[in-house]
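Trainee: Mind having a look at this structure? Questions to follow.
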């Protein structure tokens with residue numbers, strides 16, 4: 001039996017889970033009040049002990065991240081709601097359906113990190129989630145949960161909702177900080193620009209994901225021990241997965257770590273429409289190296305098991321592709337995304353992603369040459385040396401190296417399909433592919 | 001001296017007051033400038049520069065970085081069709097082609113009248129309700145090519161002054177990523193996101 005935490009309210013009360021009335025009727029804001037009576041050390045230790053990992057993609061210990069905050073003040077908190085990784089739509093649901101839960105998590109995080117001005121950065125294409133969050137923020141101000149002297153204490157906390165401009169790269173924390181400073185959203189070099197030391201306005205800054213902070217009221221309510229004990233492995237608590245592509249029941253699922261991919265795709269997702277065969281899936285957002293049923297279907301969904309198999313859980317987005325999917329076209333579509341979203345600072349990413357897109361496009365269009373896959377692998381090697389995972393970095397941020405994941409999949413599992421595109425002068429699956437919805 | 005009406009200037013002051021440094025307000029002010037002129041003009045960017053205490057060139061460097069700041073004439077309705085991987089797998093390309101065909105506007109362009117702009121976009125976070133389309137960033141999930149044609153026809157004929165996501169979802173949508181909850185009345189009044197004072201109707 002799965003324990004629901006961050007999605008429980010929206011499952012139990014689908015009509016009005018986003019309202020303050022519903023939030024307060026279901027224990028809302030009690031933990032923020034409690035946090036006001038706790039010290040920074042107590043809060044950091046509690047979150048460390050819970051084992052909570054960042055849910056934005058990097059899966060770094062949230063408590064440890066907080067502990068790195070440099071002593072200079074003021075310090076800032078930025079909530080990363082710039083969810084843009086293809087396949088990912090979990091933060092949208094949390095923002096839209098339970099904004100007060102996130103705000104309570106923000107208050108707890110702010111207290112733990114001595115922050116008096118926090119920001120929620122929401123991607124520009126999410127105006128409705130942003131409206132819901134702003135309405136919740138306005139309610140929180142009106143009730144004295146935000147602003148001067150929150151909950152009647154002497155603690156001040158301002159919260160600004162900021163809308164992005166349509167750039168995936170701003171989900172990278174230093175790019176997000178540049179964007180929030182009113183600059184182009186280009187990532188900064190780390191070191192020296194680790195946000196915890198030199199973040200927003202060069203001051204100590206915590207950047208946490210929407211789902212990460214949404215877990216905090218539950219961790220304080222349950223206690224770190226019970227939260228950690230929800231799963232029997234090292235990845236604690238629950239994990240939101242966005243299931244999309246060729247599955248009967250796409251959607252967001254809050255799951256315990258440790259079920260298998262087979263259980264996720266066939267039991268929870270209801271399997272592949274039309275009883276067709278599974279061909280491949282992307283296990284953790286468009287950046288993640290792909291998995292195939294022959295090797296990976298019975299692996300447990302944990303950070304370590306996924307890493308040992310050469311991929312990552314990333315943002316929790318699972319994109320399922322059935323037997324009718326052309327792997328060249330799918331690879332081209334993923335790489336086109338990275339080429340479009342490259343900020344252009346680093347040559348391997350700016351040039352490499354564009355070249356990879358062109359090479360795949362011509363293979364798919366029947367203009368491919370026998371050497372093209374080798375060429376694509378060679379270009380990929382220039383962006384991510386050795387095509388390993390995690391990648392050896394040639395660039396400031398991981399965007400470029402992420403773009404080679406589909407090339408690695410073609411090279412490892414689908415060489416024959418690429419070769420038949422070249423020998424047949426076009427896509428061998430096009431005639432077999434259903435038009436429109438499968 | 002600001003060329004903006006007093007109400008817009010007041011909004012600009014409110015927005016700037018939410019940030020520790022006024023340069024941070026450049027992104028929301030760019031949306032405000034778009035709402036004033038229909039798209040981002042040279043004058044609009046110069047105005048934003050004035051408010052934020054930076055140069056017009058600095059504002060342009062920001063505006064040119066982000067896809068949602070439209071520096072060319074944009075239609076009253078911006079129709080954005082997602083063709084990223086999850087939507088592509090479920091027919092997003094067919095939806096785009098239906099929109100292009102029905103409107104007569106190829107992606108990346110605007111019709112002569114200035115009514116419709118069409119673009120294909122990368123992932124808009126609606127993968128569980130693929131294929132997805134946005135009109136002025138208001139979302140419709142589970143769109144078929146046939147429904148996409150109906151949507152274009154509706155925009156041309158009904159010319160709604162406000163586009164509302166719940167209304168469009170009812171008329172032209174299908175399966176959604178998740179239950180949206182109670183209906184809301186707010187919507188977009190132009191090709192920029194309906195957020196805060198930036199074109200939102202309903203409440204301010």
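Derivation of every value follows stated rules applied to the coordinates shown; laboratory data play no part. Being a predicted model, the structure only gives us computed values, none of them experimental. Ideal geometry is used to build each Cβ from the backbone, glycine not excepted, and the neighbour counts take in all protein chains shown.
Trainee: Calculate, axis by axis, the spread of Cα positions in the range A:255-295 along the three principal axes, and write the results as whole Å, longest axis first.
Mentor: The Cα atoms of the range A:255-295 stretch 28, 23, 18 Å along their principal axes.
Trainee: Roughly how many nanometres apart are two label points built 7 Å out from the Cα toward the Cβ at residue B:13 and residue A:27?
Mentor: 4.6 nm
Trainee: Considering just Cα atoms, how many Å³ per residue does the convex hull of the range A:1-140 enclose?
Mentor: With only Cα atoms used, the range A:1-140 gives 134 Å³ per residue.
Trainee: Fewest to most neighbouring Cβ within 10 Å: what's the order for A:194, A:337?
Mentor: Sorted ascending by nearby Cβ count, the order is A:194, A:337.
Trainee: How long is the gain from residue A:203 to residue A:2 if the chain were fully straight, where each residue apart is worth 0.36 nm and the alpha carbon distance is subtracted?
Mentor: Answer, rounded to one decimal: 68.3 nm.
Trainee: Right, here's the next one. Just rank B:143, B:162, B:133, fewest to most, by other beta-carbon atoms within 10 angstrom.
Mentor: On the way: B:143 32, B:162 18, B:133 29.
The fewest-first ordering by Cβ neighbours comes to B:162, B:133, B:143.
Trainee: Take the alpha-carbon centre of the range B:149-166, take the same for the range A:288-351, and report the distance between them in whole Å.
Mentor: Value for the Cα centre distance between the two parts: 36 Å.
Trainee: Hey, got the average number of other protein chain Cβ atoms within 10 angstrom for residues in B:173-182?
Mentor: What the average comes to for B:173-182 is 6.
Trainee: Here is a follow-up. Taking chain A as the reference, fit the longest principal axis to its C-alpha atoms, fit the long axis of helix A:40-50 to the helix C-alpha atoms, and give the angle between the two in degrees, 0 to 90, nearest 10.
Mentor: Relative to chain A, helix A:40-50 is tipped by roughly 40 degrees.
Trainee: Let's test the formula: R0 of 35 Å, r as the Cβ-Cβ distance of residue A:371 and residue A:308. What FRET efficiency results, to the nearest 0.05?
Mentor: That pair, residue A:371 with residue A:308, gives E of 0.60.
Trainee: Plugging the Kirkwood radius over Cα pairs into Stokes-Einstein for the range B:108-159, at a temperature of 4 °C and a viscosity of 1.567 mPa s, what D comes out in µm²/s?
Mentor: It diffuses with D of about 108 µm²/s by this estimate.
Trainee: Please label the shape of the range A:292-348 as rounded, prolate or oblate, based on the square roots a ≥ b ≥ c of the eigenvalues of the alpha-carbon gyration tensor (a/c under 1.5 means rounded; beyond that, a/b larger than b/c means prolate, else oblate).
Mentor: Verdict is oblate for the range A:292-348.
Trainee: Over all directions, what mean area does the Cα convex hull of the range B:77-172 project, stated in square nanometres?
Mentor: Working: hull surface 20.6 nm².
The directionally averaged projection comes out at 5.2 nm².
Trainee: Shifting gears a bit: For the range B:87-121 and the range A:66-103, write down the distance between their C-alpha centroids in whole Å.
Mentor: Taking the Cα centre of the range A:66-103 as reference, the centre of the range B:87-121 is 33 Å away.
Trainee: Averaged over every viewing direction, what's the projected area of the C-alpha convex hull for chain B? Give it in nm², one decimal, please.
Mentor: 11.7 nm²
Trainee: Using only the alpha-carbon atoms, how far is helix B:6-17 inclined from the longest principal axis of chain B? Give it as 0 to 90 degrees, nearest 10.
Mentor: 90 degrees
Trainee: Could you work out [θ]222 nm for chain A from helices alone, using -39500 (n - 2.57) per DSSP H run of at least four and dividing by all its residues? Round to the nearest 500 deg cm²/dmol.
Mentor: -11000 deg cm²/dmol
Trainee: Give or take rounding to whole Å, what are the principal axis extents of the alpha carbon atoms in the range B:1-75, in descending order?
Mentor: So the extents along the principal axes, rounded to whole Å, are 30, 24, 20.
Trainee: In 10 Å bins starting at 0, how do the alpha-carbon pair distances of the range A:178-233 split up by percent?
Mentor: Reading upward from the zero bin: 20, 34, 22, 23, 2.
Trainee: Could you compute Rg(Cα) / (2.2 N^0.38 Å) for the range A:238-322, with N its residue count?
Mentor: 0.94
Trainee: So for B:140, A:359, fewest C-beta neighbours within 10 Å to most, what's the order?
Mentor: So the residues, fewest neighbours to most, are A:359, B:140.
Trainee: Would you give the gap between the C-alpha center of the range B:1-30 and the C-alpha center of the range A:205-246, rounded to a whole Å?
Mentor: Each part reduced to its Cα centre gives a spacing of 37 Å.
Trainee: Still on this structure, please answer the following. Which percent of Cα-Cα pairs in the range A:271-365 sits in each 10 Å bin, short to long?
Mentor: 15, 39, 35, 11, 1
Trainee: As a test of the formula, what do you get for chain B when each DSSP H run with n ≥ 4 contributes -39,500 (n - 2.57) and the sum is divided by the residue count, at 222 nm and rounded to the nearest 500 deg cm²/dmol?
Mentor: Details: 8 runs with 82 residues, N = 204.
My calculation for chain B gives -12000 deg cm²/dmol from helical runs alone.
Trainee: Mind running the shape call on the protein assembly as shown? Use the C-alpha gyration tensor, a ≥ b ≥ c as the square roots of the eigenvalues: rounded below 1.5 for a/c, prolate if a/b tops b/c, oblate otherwise.
Mentor: rounded
Trainee: I've got another one for you. Please report, to two decimal places, log10 I(q)/I(0) for the range A:327-430 at q = 0.12, 0.21, 0.22 Å⁻¹ as given by the Debye formula with identical point scatterers on the Cα atoms and no solvent.
Mentor: -0.34, -0.98, -1.06
Trainee: If you project the alpha carbons of the range B:77-127 onto the principal axes, what extent comes out on each, in Å, largest first?
Mentor: Answer, in whole Å and largest first: 33, 18, 12 Å.
Trainee: If each of residue A:415 and residue B:111 carries a label point 7 Å out from its Cα toward its Cβ, how far apart are those two points in nm?
Mentor: Here the modelled spin labels are 5.2 nm apart.
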